[in-house]
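What follows is a set of notes on a single structure, which appears directly below.
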Amino acid sequence: MKKIIEKEFAIDYLNKYGSQMTIGNGYLGIRGALEEDYPEQVRGMYVAGIYNRPSGSTSSELVNLPDVTRFHLTLDGEVFSMLTGTIHSYERYLDMNTGELIRKITWENSAHKKYQINFRRFVSKVAKHLIAAKLEVTPLTGDMKVKVRTGIDGQQTNFGTQQLKELSLRIFDEERMVGEYQTIESKQQIVVATKVNAKGAFTAKNRQLMTAVEQNVAANETFTLEKISSVNTSLSKTDEVLPNTTYLELKKETDLAWEKFWKQTGVEIKSTNTFDQFALDFASYHLEIMTPKDDIRCSVGAKGLTGEGYKGHVFWDTEIFILPFFLYNQPKIAKQLLQYRYLHLKEAQEKALENGYKGALYPWESAFSGVEETPEFAAINIRTGTRQKVASAISEHHLVADIAFAVCEYAAATKDTAFMMNCGAEMLLETAEFWISRTTNRNGRLEILDVIGPDEYTEHIDNNAYTNYMAYFNVKKAMEWNKENQPFQKRAEKFLANLYLPVANESGLIPQDDTFLQKDWINLDKYKANQGTQGILLDYSRQEVNELQILKQADLVMLFYLLPATFETKVMKRNLDYYEKRTIHDSSLSKAIHAIVENRIGDRKQAYQFFQEACLIDLGTEPHSSDDGLHAAALGAIWLAVIFGFAGIDTREELLQITPNLPDAWQSLTFEFVWKGERIGFKITPKMLELSKTTTSVLELIINGEKHSFTDKLTINFEQKDVSL
Ligand code: IFM
């Protein structure tokens, strides 16, 4: 059952469900806000790529667009609100099978009249600009006078920041309401159009273009109102602003598109814990609706299109955590995400130059223009009134190698040499040139100084293991794709021969950076118990945290995930144990990666524990953790943990390697995986792996360390290791 269900209405969870119940199609996203207003509720509609930089700000923001979801409902003179009257039954769910959000309430007003009120809405998966909504009200005790006010509400802001100038509000043909807007700084045009299937009285006031429909309805008859809306922007305009269509017509084609999506991309887990399947479906649904499908000018923000957290900016989250979901399901979309980075190679080159480097230094946070968008300052410390500078834009450089890694992953998984010739090789070259220029020669050894690794609790450190190894990988791969470029080959060879790569010391520990292992250790139990909240920063200043062995997420574990062949299993195990004890997992990116690495070293029990905890990042009971949007990377990581963790797929070598290790609670795992142009069907049980494909070519692969080949079907029986090293 692919349903996100809210069993009862609770004000405290309004915005968490608002994020979870987002509907969309990659072009636009609409938060699951309730149709009627509540003071705490954050309504939001976002279109990928529509950003605006408010005056006085150093970064642009994903714009909260005029709203079309609001319905002000008056029944027999009383305004409908779930905070008044009595709720006799309540049911709200997002049907992920079809992308439809449904709410059904039996409500009694203060005069003891009962009504059945049903709301529905969805965003078309076929006509990407269209949104459909439907309201049904049935009076259950006597006749009713219903009044509905709805339309286009241009009062939306980004938490109080006005991003849009209203250009015009108009009614066409006595039915279509059209609002034209322009983003104040970025000058993007937005046209929102809407109509309802009943005659009403139009008004335009205070940035709201509304219609009010009134009707008398007999007892037990149903009043139905349909509303079809469209959002067009200067990034993608259609000629037909608002077609003549009905809720049902639009839904039929959308249902088919969703059916196709789930057939190809769905992963089936038979588990004694049904929540595993739900969490994975939740992740897949949201990854699909947050990712643009046909516009290389847009990528995926850290909260997708579910909220305004991180201002809608694009981080390494996209390439490392989200892109693989598409690469191995719908490779064209993975390519598009890389094209977004290629499009902004120029800005990355400019950033490198401005900072005294060569090649391409991608912005830590990116938006539409491709320039650095990281806010200059972090949240205010209300005790001191000061704001700490955000160092990521000037030091968190691993992103450069992360993008290069994704390019290589794409090249390995597809046979798209055209992309590599036209874009990929150049991206690898430019990112490699950055690393070569980024090093400092200290006594003949090349070192990378003053960086921040994925562990953002440790700043301004030298020779961060993650960064150095990833930079090495980046330059090595750039050489393979730029063989003709002799001057580069020479520079790269020198770099590879002299770059310092920290190795395990006599206690088996790889130092996270030059100073980490000398720092003091503190007991983190209290903070681990509240992970994800950054509670440590209430007790210690950032400076103090930096001087202690405290990790937000583990650099080494991330490195083991990306480059497993580089490290021996016993080294991985030793370091995983050591660093995990010092990791709070305050980053939502942390847990699922731990699950994968635990599984690779054979501890599937611990892996499953991490996986289950990772699934709770947006689905846990804590009321406000996802208020400003879902954690897009964490959702991607749930899928990664299933495919690269439990299914044990490894794509880092020429041949696909599979070493399954299912959790004890799982009876089977079934999915499709696209590899070098072949769609391969997988069925895994604790004792068997079954592969199938429909083409007649021979596919060679390594299963549990042994080479196999097959054309259409292959069944391998095995015993899962009951390991703990
Ligand atoms: O990219 C991440 C980073 O690794 C940790 N802080 C949040 C960012 C956005 O998700």
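What follows is calculated from the coordinates using simple rules that are stated; it is not laboratory data. As the structure is a prediction and not an experimental result, all values here were calculated from the model. Virtual Cβ from ideal backbone geometry, glycine too; neighbours counted across all protein chains shown.
Points worth noting:
- Once you reduce region 74-92 and region 515-591 to the center of their Cα atoms, the two points are 48 Å from each other.
- Net charge contributed by nearby residues that have their C-beta within less than 14 Å of residue 144 (K/R +1, D/E -1): -3
- Residue-averaged [θ]222 nm for the chain, counting only DSSP H segments that reach four residues, each worth -39500 (n - 2.57): -8000 deg cm²/dmol
- Within region 568-646, all pairs of alpha-carbon atoms sorted by distance into 5 Å bins from zero give the percentages 3, 16, 26, 24, 17, 8, 4, 2, 0.
- Straight-distance candidates among the aspartates and glutamates for linking to residue 199, with alpha-carbon spacing under 15 Å and chain neighbours fewer than 8 residues away dropped: 173, 174, 175, 214, 226.
- Taken over the Cα atoms of the chain, the convex hull encloses 169 Å³ per residue.
- Lysine pair count for region 612-725 with Cα-Cα distance under 21 Å and sequence separation of 8 or more or different chains is 13.
- Stokes-Einstein translational diffusion, region 63-122 - Kirkwood Rh over all Cα pairs, 0.692 mPa s, 37 °C, in µm²/s: 252 µm²/s
- Compactness of region 95-169 is given as radius of gyration and Dmax, 17.2, 46 Å, from Cα positions.
- Listed residue pairs exceeding 23 Å between alpha carbons, taken from 16/335; 104/252; 128/252; 3/145: 16/335; 3/145
- HN-Hα J in Hz across region 478-487 - Karplus 6.51, -1.76, 1.60, θ = phi - 60°, x for Gly and Pro: 4, 4, 4, 9, 9, 5, 6, 7, 4, x
- Proximal charge balance of residue 448 [Cβ under 9 Å; K/R count +1, D/E count -1]: -2
- All C-alpha to C-alpha distances of region 661-725, sorted into 10 Å bins beginning at zero, yield P(r) values of 19, 51, 25, 5, 0 percent in whole numbers.
- Quotient of Cα Rg and 2.2 N^0.38 Å for region 402-508, N being how many residues it contains: 1.14
- Considering region 362-414, its Cα convex hull presents a mean projected area of 5.0 nm².
- When both region 392-464 and region 1-28 are represented by their alpha-carbon centers, they are found 37 Å apart.
- For a label point 7 Å along the Cα-to-beta-carbon line of residue 544, residues of region 370-396 with backbone N under 19 Å: 379-389
- log₁₀ of I(q)/I(0) at q = 0.11, 0.12, 0.16 Å⁻¹ - region 96-240, Debye sum with one point per alpha carbon: -0.52, -0.61, -0.98
- Principal-axis tilt of helix 569-581 within the chain, Cα atoms, nearest 10 degrees: 50 degrees
- Its Kirkwood hydrodynamic radius, worked out from the mean inverse distance over all distinct Cα pairs, puts region 239-366 at 17.1 Å.
- Size of region 606-725 from its Cα atoms: along the principal axes, largest to smallest, the extents are 51, 33, 24 Å.
- Ranked from largest, the principal axis spans of the Cα set of region 393-460 equal 40, 30, 18 Å.
- For a straight C-alpha distance cut-off of 13 angstrom, the aspartates and glutamates reachable from residue 2 (same-chain residues fewer than eight places away being disregarded) are 95, 100, 259, 268, 276, 281.
- Share of pairwise Cα separations in region 25-180, more than 22 Å, in percent: 50 percent
- Among residues other than residue 57 with Cβ under 14 Å from its Cβ, the summed charge is -4 (Lys and Arg +1, Asp and Glu -1).
- With the convex hull constructed from alpha-carbon coordinates only, region 187-297 shows a mean projected area of 12.5 nm² over all directions.
- Debye intensity ratio I(q)/I(0), log10, region 548-607, q values 0.29 Å⁻¹ (C-alpha model): -1.33
- In this structure, the pairs whose alpha-carbon distance is over 22 Å, taken from 311/581; 114/195; 552/591, are 311/581; 114/195.
- Here, region 450-530 yields an orientationally averaged convex hull projection of 7.5 nm² when only Cα atoms define the hull.
- Helix axis angle, 345-354 relative to the chain longest principal axis, alpha carbon, degrees: 60 degrees
- Rh (Kirkwood; distinct C-alpha pairs) - region 506-627, Å: 15.1 Å
- Packing rank of 680-690, 318-328, where each peptide gets the mean count of other beta carbons within 10 Å, highest leading: 318-328, 680-690
- In terms of its Cα atoms, region 176-238 spans 52, 25, 14 Å along the principal axes, sorted from long to short.
- The alpha carbon convex hull volume per residue for region 294-446 rounds to 137 Å³.
- Zero-based 5 Å bins, Cα pair distances in region 1-104, whole percents: 2, 11, 18, 21, 18, 13, 8, 5, 2, 1
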